[in-house]
Every structure is written in C-alpha cells, then in structure tokens.
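Colleague: Quick one: the structure is below, questions incoming.
The values are calculated or read from the model by the stated rules, or taken from the named source; none is laboratory data. Only a predicted model underlies this, so the values are computations on that prediction, with no experimental measurement involved. Here Cβ is always computed from backbone atoms with ideal geometry, including for glycine, and neighbour counts include all displayed protein chains. The protein model used for the area step is the full one, side chains on, heavy atoms only, and it has no ligands, DNA or RNA in it. Shrake-Rupley method; radii C 1.70, N 1.55, O 1.52, S 1.80 Å.
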Amino acid sequence: EVWIPALLNASNVNHLRITGEGTIAGGGQPFWDEFWKARAADKNVTNLAVKRPRNIFIQDSKDVQVSGISLRESGFWNIHLFRCTDVAVKNVDIRAPLRSPSTDGIDVDSCRNVAISGCYISVDDDNIGLKGNKGTSALDDKSIPPVEHIRVSNCTFGLGNSALTVGSEATVVRDVIIENCRLTGTNKNCVLKLKLRPDTEEHYENITARNITVDNPAVQLVSILGWTQFFDLQGRPAPDQLVTNVTLANITGKLRDFGRVDGPAKSTVANLTFKNINITLTNSAVVTRNVKNLKFTKVKINGVAYMGDQGTAGK
C-alpha cells in the first residue's frame, strides 16, 4: 500500500525514544469529514481511498520506546509500528471521539517483542490491533514477519471496537497476552476479537486475555468470526485459517453479551478455553460453533454456573 506520511515518521532508527509530557494533535476532523463524504457516495470506499495521516509511524527499527505523551485527533491510526523489534509503549494517552473513522490506538504490524503498558486508549476503532499481510499468497511474502511475543498490561480502554483485535489483515500471530486491563467506555467494545479472512491463510495461536475487568455494559466478551469486507480470492481456492490455544480467564463485570465464535467455512478453531469468569450479561446466549476442544471451567453467567451445555445455547 502507498501511505501518506504521518505527523511523526521514523524509518530504520534504532534506539529511538519518543518521550515527555507533550501532545501530538492530528487535527483529524477534515480528514474524517472527507472520508464520511466519500463513503456516503460509495459504500465500497476503502479506508485507504481517502488519504488520511497517522499521528506516528515507525518502521524497520529496533529498541524503540514511546512513553508519557498524549495523542489526539489522529486523521487515521494513532501509532503504527511496522516491522519493528523490541518496542515499549508506556503510559501513553490516546483519544479520539466517536465518528472519527479508523482512529486505531496502536497498530502492531508485523512486529516482534512489543510491550504496551499503562496506557489509556479511547478511540473509534480498535484500541490495539495486531496486523500483518493479506491475500491468497500473503503467507509466502518473506518480507512480512510474524506478529509474535506481544504483551499488553495495565491499560484502560474507553471507546473502541475491541481492546485487542487480531486481523483483519494478518497471517501468523502468536504468543500474545493481554492482562490486568479494564474496559470502561460506553460504546460497543469487545475484550478480544479475532478476524478471519476467507482470502488469507492465517495462523493465530497462543493468545490469552486474563485478569480483565469490564465496567461497560455495552461490551462483548469475545468475537471469533469471518471478516469479509473487501476480501478477494482472485479466482484462487479459499485458503484455511487456524486458531488454536486461545484462553480467556479471570474476567469479571457487566457486559452486553458473550459474543460469537463462528469462523468461516475453511477455518478451524481449536483449544478454546474460558475459565474463572463471572459476568453479568444483558443477553445471556452463548454462541460457540465449530470449535474443537472447547472448555468452560468455573464460568458463571448471571449468577449461574455455565458448563457449555450443548443441548441449549452451547452449540
């Protein structure tokens, strides 16, 4: 993709430090307005069709730290990390209002060894997104490394589509933990969202969300679904998607609903575990379809122990 520059850009800058108490303000309103105008004229307008600047873009760099700063009103994504290694994002405050499209908080794109801690993120898209490549030959592109060894801790999420989202463009994502976090906003957020593209071979494995408190009654617990927006098989057979070893544990609070687990036709979801969960749901239905080795251990929904009864809402 051809990206327009961000407000702050860095490429091949090892040992980079962006610190302090200052604010980077993207002045995003004109860019948001332009996007919504284009989308109203053509519902198939993509996110990149209207060129919108990110607040920070860092690529191909090692030993990077971003700490203490505030980010406001980004025209597009707030922090975009691409092919970076050994990154720490600490105590960063990221905010964008509703109706500010694609204002992702932090996008970890084809990176390794990334730690995000102590941040406040309230935006109108994914709070933290793990991204990579897409397309029927994406896994063969050796210039795009896996997303792996990601740690998110002690963060608070306000507005957003999901505290942690994997995809929609990603091939290999593994060894991910989000823990000791809180969801507090007022819109339809989600604790953990995995997007499965039917045109991309994907391997999502060893992903854990634990010690999460939800103070937002509009939140979903989990979403593992197909993502068909702008997908293109290019006349080739649909590839497989594999999701394995996903755990949600030690989660409490009041939520809108459980969410859905129901991947596309060629996907496999295996070893999905829910444990030590005590939640109150407005909609108590549990939808988990086509899952191999699904486990519920010490799960309580609306005060009642839930065992994954396949005769009711479990399947």
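Colleague: Taking θ = phi - 60°, what integer Hz values does the Karplus form 6.51 cos²θ - 1.76 cosθ + 1.60 yield along the stretch 88-95, in sequence order, with x for Gly and Pro?
Modeller: Along the stretch 88-95, the couplings run 10, 10, 10, 6, 9, 10, 10, 9 Hz.
Colleague: Another question, then. First compute the accessible area of the stretch 164-315 with a 1.4 Å probe, then give the percent of it belonging to carbon and sulfur atoms. Show your work: numbers first, answer last.
Modeller: Details: 3070 of 6520 Å².
Answer for the stretch 164-315: carbon and sulfur cover 47 percent of the accessible area.
Colleague: Among the DSSP beta bridges whose two residues both lie in the stretch 49-126, what percent are antiparallel, rounded to the nearest 5?
Modeller: Of all bridge pairs located within the stretch 49-126, approximately 0 percent are antiparallel.
Colleague: At 1.4 Å probe size, with no ligands or nucleic acids counted, give the accessible surface of Asp86 in Å², nearest ten.
Modeller: That residue has around 80 Å² of solvent-accessible surface.
Colleague: If you average the alpha carbon positions of the stretch 249-313 and of the stretch 149-178, how far apart do those two centres end up, in angstrom?
Modeller: Each part's Cα centre sits 19 Å from the other's.
Colleague: So if I take the centroid of the Cα atoms in the stretch 4-52 and the same for the stretch 86-142, what is the distance between those two points in Å?
Modeller: 13 Å
Colleague: What FRET efficiency comes out for Ala88 versus Leu233 if R0 is 45 angstrom and r is the Cβ-Cβ distance? Round to the nearest 0.05. Could you put the intermediate results ahead of the total?
Modeller: Numbers: r = 39 Å, r/R0 = 0.86.
The value I calculate is 0.70.
Colleague: Taking the structure as given and computing percent of Cα pairs over 25 Å apart, which label from (1) 66; (2) 52; (3) 48 fits?
Modeller: The value computed from this structure is option (3).
Colleague: I would also like to ask the following. Using a 1.4 angstrom probe and counting only protein chains, how large is the accessible area of Glu201 in Å², to 10?
Modeller: Approximately 70 Å² of Glu201 is accessible to the 1.4 Å probe.
Colleague: Provide the per-residue ³J(HN,Hα) series for the stretch 42-53, in order, calculated from phi with Karplus coefficients 6.51, -1.76, 1.60 and θ = phi - 60°, each as a whole number of Hz, with x at glycine and proline positions.
Modeller: With the stated coefficients, the stretch 42-53 comes to 8, 5, 8, 4, 8, 4, 9, 5, 9, 6, 10, x Hz.
Colleague: Any lysines with Cα under 19 Å of the Lys295 Cα? List them, leaving off those in the same chain fewer than 8 positions away.
Modeller: Output for Lys295: Lys193, Lys275, Lys315.
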